[in-house]
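Inspection log for the structure reproduced underneath, given as structure tokens.
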Amino acid sequence: MTSLKDDDFGAQLDLRVRQADLGRDGSAGTVGMARWLEDARIRLRLPRFERLVGAGGFGPFQILLVGQAVERLAPAGPTGARVQVRTGIRRAGRTSFTYEQVILAGDQRVGTGDATVVLADRSGPLQLPDELLADLAELQLQLQLPETATPAAGRPGPERREPAHYAYWAPLRSRIGDVDSNQHVNFIALATWYDEAVAAFTTHPLGPGAAGPVPDLPPRSYRIQYLGEVTYPGDYEVGLTVRSADADSVQYELGVFRDHTCLGVADAVGPRGELTDEALKAVWATD
């Protein structure tokens, strides 16, 4: 893989840390950083493609996120602190393209992420128009990367779509405030569902009504793939299993289900904290 320098990213967005971005430790959480990455992608200008759409030359279409990753590398905050998100294009294919992003606080890289996007109508993914490919090519050149620098993330194995793969379950209900303009639950809201499932699991060993603080062990990284639409209203469950663990960290595998249908999966890495071997072995992956 080609090593990216911060100066390789052509598009830049300056942001201030918001109170809603902070985790319980007083610095931006992983989901808060995912919001910054989304803000930067939305504000990225694609002038040729925008003119094409404005003239009625392409569409109607939806912009669909099929996968994303975010990793919190270091604390960023407090509220009001400045951060900068730099964005470029890692890969552009016939029907999809992939952003690559970094988050800087001063000269320190505090977060990274990527996101793969397709344009689709009711029939499925659309071929990317030449105007969009031209815009993406300029951003790709600014990155100074060969087209094959990083392969696209593989699809999850079939076992990840099966309820039997997961040992712990957290029930969740979609909320109207989670719904976006595509009329399904927004991907940032779904990331908070994975956070909720991990929090429920790390709290479970304490037992109901336990006194004392709830463990603060949110994942520092997520790699998420979207397999179907999560809608409102609806009752869902997030399944969780542990793939591996060491003295400092735990690697989780998660999946969002409605009845027996898997609508998304995620790999997450979070701190181990005081989680015991017994608690981890109870949800250890068996395949």
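Just so it is clear, none of the values below were taken in a lab; they were calculated from the coordinates. Since we're looking at a predicted model, the values are computed, not measured. Methodologically, a virtual Cβ is constructed for each residue, glycine included, from the backbone with ideal geometry; neighbour enumeration extends over all protein chains shown.
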What's the Kirkwood radius of the chain in Å, using all Cα pairs? 20.1 Å
Which residue, R45, R272, R122, has the most motion in a Gaussian network model of the chain that connects Cα atoms within less than 10 Å? R122
Could you compute the net charge surrounding D130? Neighbours are other residues with a C-beta less than 12 Å from the C-beta of D130; K and R count +1, D and E count -1. 0
Dipole check, the chain, charges on Cβ (K,R +1; D,E -1), about Cα centroid: among I42, V53, G239 the Cα furthest to the positive pole belongs to V53
What does the C-alpha gyration tensor say about the overall shape of the range 162-282? Classify as rounded when a/c is under 1.5, otherwise prolate if a/b is larger than b/c, or oblate. prolate
Geometric extent, Cα atoms of the range 218-287 - Rg, Dmax (angstrom): 13.4, 40
Cα extents of the range 1-133 along the three principal axes, largest first, in whole Å? 46, 31, 24
Which residue, R243, R175, R223, has the most motion in a Gaussian network model of the chain that connects Cα atoms within less than 10 Å? R175
Determine the calculated [θ] at 222 nm for the chain from helices alone, applying -39500 (n - 2.57) to every DSSP H run no shorter than 4 residues and normalising by the residue count; nearest 500 deg cm²/dmol. -6000 deg cm²/dmol
